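A.B. asks: First the structure, which I've put down as structure tokens, then a few questions once you've had a look.
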Amino acid sequence: MTRQFQLFVFAGLFLLVVLSIFTLFLTLTVEGIFTKYGLPYISIPFILVMWTANLAMNDLWYIGVSQRGIYFYNELYALGGQNFVDFYNWISSFETPASLRIYFLSLGAILFQFNELAGIIIAIALLISSRIAFTLSLVGFYIAYLFYQLLGVNFSELSYTYIGFNYILTAIAIGGFFFIPSRWSYLWLFLLLPITVILTFGLSKFFSYYQLSIYSLPFNITVLLFVYVMKLRTQTRSELVEPLEQRNSPEENLYFHKNVSERFPSTFYLPVYLPFLGEWTVSQAHAGEHTHKGEWQHAWDFVITDNEGKQFQNKGDFPTDYFCYNKPIVATADGIVAELVDGIADNIIGDINTLQNWGNSLVIKHSDYLYSQISHLKQGSFKVKKGEFVRKGQVLATCGNSGRSPYPHLHFQFQTTPYIGSRTFFYPFAHLIKKENKYLKLESLFSPKNQDKLQNIASNALLLQAFHFIPGQILNFKNFKDEKGLIFEKNDNFADKLDNEWEVKTSIYNVLYLYCRKTNSSAYFKNDELLFQFINFEGDKNSTLYFFYLAFYKVQLGFYKGFSIEDKLPQNNLFSRRRMFFQDFLSPFYFFLKAEYKLSYLSVDDDFSPSQIKLSSEISAISFNKKIKQDNFEIVINSSGIQYFKLIY
């Protein structure tokens with residue numbers, strides 16, 4: 001090795017280090033600027049560094065001019081010998097459409113490889129890693145191809161400039177990465193790809209004057225403009241949604257978003273509950289027959305009825321004859337008493353007080369823009385004062401018959417201001433139990449209708465304790481088989497290294513999760529002391545934690561014998577990769593695979609002082625509305641927590 005060559009190598013390495021440091025500084029700067037607007041910086045730093053290097057060093061390293069391509073066969077031979085050269089010639093011998101050839105060339109150019117073989121390899125890798133991204137690469141490229149044809153431009157010119165990858169990257173970024181893949185994200189490409197084409201034409205003319213390549217600049221401009229404009233929307237519509245949590249995979253983004261949006265429709269929802277104890281009936285709902293009209297339409301009237309649907313005993317001539325009269329009324333959520341009116345006498349049955357329309361009332365502030373108003377309360381029954389902080393479930397007063405109330409009932413509404421009689425707005429209750437005939441049904445984010453029989457969830461002490469997981473807590477299960485199935489039993493012997501040990505942790509998004517160090521698996525969950533629900537699972541699907549995730553996917557923490565709840569799992573958390581491979585292609589438009597969950601409440605040994613509860617859960621895998629697999633779990637919970645759960649063969 002000559003001294004001159006050594007100096008050349010040293011200078012090249014030193015230059016590489018300098019440019020790398022420059023790229024780092026530029027990346028941090030651009031990221032800091034773009035983050036203020038919630039925008040990705042994509043490949044802007046790379047483009048700026050490449051332009052600077054090209055201008056400073058007489059167009060060194062510049063797309064389409066690299067000297068490596070001149071001796072391409074020599075490079076193939078060096079990589080794999082004559083067999084590799086023969087393999088390339090065999091692939092090249094196939095007659096492929098000109099557009100498909102340019103597609104592969106454009107794919108290869110993403111990694112600065114200017115031959116079809118590189119593009120084919122990248123296409124295969126893209127197909128394996130993401131079916132949605134692979135589909136979008138074809139959709140984006142051929143939308144641009146059709147637009148070239150419409151303009152009468154020779155598309156084969158892309159084979160010389162290698163800038164067709166701008167269309168591929170734009171399609172993947174908009175169709176499946178920065179937005180949840182859907183028919184809408186695909187449809188937007190028919191407008192955005194022509195914009196990228198026009199940018200490519202215009203920018204190429206401008207930068208050719210300075211002998212610079214535009215690299216991925218058209219892709220960057222189109223994506224940044226569109227993402228920024230979408231962030232200016234005052235309302236986020238379901239047609240085109242940004243991922244709340246970027247999972248760096250179109251499929252992962254889609255399945256996670258679909259599951260979370262169906263189960264937890266509002267990320268910023270403040271949970272509120274029914275303002276009473278026991279079972280009450282809706283006597284008048286929204287847009288009622290007598291009142292609840294216009295600006296005050298979003299309100300409910302509640303009463304108590306017997307098995308025959310009657311609201312009173314005897315002849316109902318006196319307020320005390322009504323079942324709801326003088327019953328305790330409670331706070332629907334934590335808050336501060338913002339307004340309170342007392343001192344209005346109860347009406348005689350059939351009479352109304354239109355001068356003091358709302359009767360004895362109070363308003364509770366739950367957040368800056370969420371208030372609840374409770375009206376027609378009994379005079380002198382208030383247990384709280386104005387300005388006092390109250391807890392969810394705390395007794396506030398009792399039901400009366402004051403104001404515009406011909407018979408005892410409770411009026412309840414949500415509003416955005418702290419005044420009695422404010423205009424109402426639609427806001428659902430978080431979780432409640434609805435009685436349909438003789439059966440009970442769990443409802444979440446629910447707006448009650450006329451004659452609905454409702455009650456709050458009454459939490460069970462054993463279930464509350466069993467699913468009360470706090471950060472730093474360690475859970476340990478051991479598993480073994482018997483003739484009927486695989487048993488996962490709680491183990492207090494933490495010294496046993498064969499056991500599955502999990503730690504309760506908190507993510508950077510303040511979400512609790514169970515972490516298994518042995519299998520590097522995580523199961524994310526939320527618990528509001530009424531419902532325990534898993535949000536997502538990541539990791540080994542043969543681990544004990546995965547079976548725990550399936551068995552306890554959703555648990556109502558109140559026990560009602562014969563009660564059952566149902567929910568849906570993300571498809572990618574249940575089905576094999578082989579089955580998901582075909583679903584992935586169609587998932588932005590149609591789901592033929594479904595994963596369903598059901599939990600049944602079987603028995604409790606004592607209603608008042610329980611020491612053991614038995615549950616069962618089942619997971620159903622469904623393809624084209626046909627059940628193809630079902631897993632059943634037997635569950636026993638006692639005073640020490642989850643005693644065991646069993647996967648039944």
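The values are calculated or read from the model by the stated rules, or taken from the named source; none is laboratory data. No experiment lies behind these values; they were computed from the predicted model shown. Don't worry about glycine lacking a Cβ; one is built from the backbone with ideal geometry, like all the others, and counts go over all protein chains shown.
A.B. asks: Got a sec? Which of F582, F559 is surrounded by fewer than 17 Cβ atoms within 10 Å (Cβ to Cβ) and either outside any helix (DSSP H, G or I) or without any contact (Cβ under 8 Å) to a residue 12 or more places away in the chain (or both)?
C.D. replies: Every option except F582 fails the conditions.
A.B. asks: Still on this structure, please answer the following. Being more than 18 Å from K526 (Cα to Cα), among the acidic types (D, E) and surrounded by 17 or more Cβ atoms within 10 Å (Cβ to Cβ) is the requirement here; does D492 meet it?
C.D. replies: No: the conditions fail for D492.
A.B. asks: Related question: So for segment 202-209 (the condition being out of contact with any Leu (no Cβ under 7 Å at 6 or more places or on another chain), more than 20 Å from S99 (Cβ to Cβ) and not in a helix (DSSP H, G or I)), does at least one residue qualify?
C.D. replies: Checked against the condition, which is being out of contact with any Leu (no Cβ under 7 Å at 6 or more places or on another chain), more than 20 Å from S99 (Cβ to Cβ) and not in a helix (DSSP H, G or I), segment 202-209 yields at least one hit.
A.B. asks: Among the residues of segment 98-115, which ones are modelled with pLDDT of 80 or more, part of a helix (DSSP H, G or I) and not basic (K, R)?
C.D. replies: Within segment 98-115, S99, L100, I102, Y103, F104, L105, S106, L107, G108, A109 qualify.
A.B. asks: Examine segment 116-132 for a residue that is closer than 19 Å to W188 by Cβ, assigned to a helix (DSSP H, G or I) and not basic (K, R), and state whether such a residue exists.
C.D. replies: Yes.
A.B. asks: Hey, E251 hits all of (1) of a type outside the set (S, T, Y); (2) outside the structural domain of I128 (by TED's automatic domain parsing); (3) buried (at least 17 other Cβ atoms within 10 Å of the Cβ); (4) out of contact with any Asp or Glu (no Cβ under 7 Å at 6 or more places or on another chain) but one; which does it fall short on?
C.D. replies: Of (1) of a type outside the set (S, T, Y); (2) outside the structural domain of I128 (by TED's automatic domain parsing); (3) buried (at least 17 other Cβ atoms within 10 Å of the Cβ); (4) out of contact with any Asp or Glu (no Cβ under 7 Å at 6 or more places or on another chain), only one is false for E251: (4).
A.B. asks: Within segment 461-492, how many residues turn out to be among the charged types (D, E, K, R), in a strand (DSSP E or B) and in contact (Cβ under 8 Å) with a residue 12 or more places away in the chain?
C.D. replies: 3
A.B. asks: Here's something else I'd like to know. Kindly provide the set of residues from segment 288-328 that are at positive phi and of a type in the set (S, T, N, Q), ordered by number.
C.D. replies: Selection gives N314, N326.
A.B. asks: Looking only at segment 137-163, filter to residues that are aromatic (F, W, Y), over 10 Å from Y103 (Cα atoms) and surrounded by 13 or more Cβ atoms within 10 Å (Cβ to Cβ); which one of those is modelled with the lowest pLDDT?
C.D. replies: Top of the filtered list is F155.
Each row is one residue, and each column tells you yes or no for (1) outside any helix (DSSP H, G or I); (2) at pLDDT below 90.
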residue	(1), (2)
L254	no, no
N259	no, no
P271	yes, no
L274	yes, no
H290	yes, yes
D301	yes, no
G316	yes, no
T320	no, no
A333	yes, no
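A.B. asks: Could you please let me know if Y439 is outside the structural domain of S372 (by TED's automatic domain parsing) and either among the basic types (K, R) or more than 20 Å from G294 (Cβ to Cβ) (or both)?
C.D. replies: Here the answer is yes, as Y439 does meet what is asked.
A.B. asks: Separate question: Residues being in a helix (DSSP H, G or I), hydrophobic (A, V, I, L, M, F, W, C) and exposed (fewer than 14 other Cβ atoms within 10 Å of the Cβ): count how many of those fall in segment 214-243.
C.D. replies: The total comes to 1.
A.B. asks: I'd like the residue in segment 562-576 that is in contact (Cβ under 8 Å) with a residue 60 or more places away in the chain and assigned to a strand (DSSP E or B) and, out of all such residues, is surrounded by the most Cβ atoms within 10 Å (Cβ to Cβ).
C.D. replies: Among those that are in contact (Cβ under 8 Å) with a residue 60 or more places away in the chain and assigned to a strand (DSSP E or B), it is I565.
A.B. asks: Kindly indicate whether L189 is part of a helix (DSSP H, G or I), touching a helix residue (DSSP H, G or I) at 6+ places or on another chain (Cβ under 8 Å) and either of a type in the set (D, E, K, R) or modelled with pLDDT of 95 or more (or both).
C.D. replies: Considered against the rule, which asks whether it is part of a helix (DSSP H, G or I), touching a helix residue (DSSP H, G or I) at 6+ places or on another chain (Cβ under 8 Å) and either of a type in the set (D, E, K, R) or modelled with pLDDT of 95 or more (or both), L189 comes out as yes.
A.B. asks: Right, here's the next one. Could you tell me which numbered condition E308 fails, if it satisfies all but one of (1) assigned to a loop (DSSP other than H, G, I, E, B); (2) under 25 Å from Y427 (Cα atoms); (3) of a type in the set (D, E); (4) more than 22 Å from the chain's Cα centre (by Cα)?
C.D. replies: (2)
A.B. asks: Would you kindly identify the strands (runs of 3 or more DSSP E) lying entirely within segment 362-460 that contain at least 1 residues that are free of Cβ contacts under 8 Å to residues at least 60 places away in the same chain?
C.D. replies: The qualifying strands (runs of 3 or more DSSP E) are 370-377, 410-415, 429-436, 439-446.
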